[in-house]
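Here the structure comes first, spelled out in structure tokens, and everything after it is commentary.
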Amino acid sequence: MDMHRAFHERPLSVGQVAERSGVAVSTLHFYEAKGLIHSQRNAGNQRRYRRDVLRRVALIKVAQRLGIPLADIGLALSTLPCDHIPTAADWQRLSAQWQHDLDARIEQMTRLRDQLTGCIGCGCLSMQDCPLRNPSDELGEQGAGARLLETH
Ligand code: FES
């Protein structure tokens with residue numbers, strides 16, 4: 001599809017966007033309230049969406065599937081002005097960032113899984129000894145008071 005045509009084609013109602021994207025109307029309203037997609041009002045004060053909104057919705061759904069928090073998706077999309085149709089180059093940039101995020105999460109989950117493996121069959125849940133009960137890096141970040149608060 002010639003993406004520049006999207007500017008000039010007839011805009012879509014929220015129902016049409018829902019039908020074409022497979023995303024519920026309520027979800028589209030939610031995305032809009034979060035600033036992820038944008039509409040304009042027609043003369044009858046109804047929301048109308050440019051056709052390239054379908055590409056934005058597709059980006060959002062893929063990112064959600066990857067477990068990217070909505071706030072991060074919003075940040076990523078805020079780098080694309082609302083009068084800008086997401087291009088293949090935009091997709092490459094965003095997807096590379098999301099791959100990096102996914103790698104970091106996999107690494108963190110693998111570490112947690114390994115720690116849990118060590119805890120299975122133990123059950124001490126000790127503040128001193130259990131890496132899941134007392135991840136030293138977290139306590140370090142919270143300061144010495146965190147340990148005191150936990151014991152009261
Ligand atoms: S439960 Fe004992 S080390 Fe985690």
Length gained when the stretch Ile106-Val25 is fully extended (0.36 nm per residue, less Cα-Cα span): 25.9 nm
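Under a 1.4 Å probe, what is the accessible area of region 88-137 per residue, stated in Å²?
75 Å²
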Vicinal HN-Hα couplings computed from phi for region 109-116 (Karplus, 6.51 cos²θ - 1.76 cosθ + 1.60; Hz; Gly/Pro x): 5, 5, 5, 4, 4, 5, 5, 4
Portion, in percent, of the accessible area of region 88-137 that falls on carbon or sulfur, probe 1.4 Å: 56 percent
Fraction of accessible area attributable to carbon and sulfur, region 1-86 (%, probe 1.4 Å): 52 percent
Accessible area per residue in Å² at 1.4 Å probe, computed on region 3-63: 59 Å²
Computed FRET value (nearest 0.05) for Trp91 with Thr117, which takes r as the C-beta separation and R₀ as 35 Å: 0.40
Hz values of 3J(HN,Hα) by residue in region 96-103 - Karplus curve (6.51, -1.76, 1.60), Gly and Pro given as x: 5, 5, 5, 5, 4, 4, 5, 4
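The values are calculated or read from the model by the stated rules, or taken from the named source; none is laboratory data. What you see is a predicted model; the values in this text were computed from it and never measured. Every residue, glycine among them, receives a Cβ derived from its backbone with ideal geometry; neighbour counts consider all protein chains shown. Ligands, DNA and RNA are stripped out before the accessible areas are found, and what is left, the full protein with its side chains, is counted by its heavy atoms. Shrake-Rupley method; radii C 1.70, N 1.55, O 1.52, S 1.80 Å.
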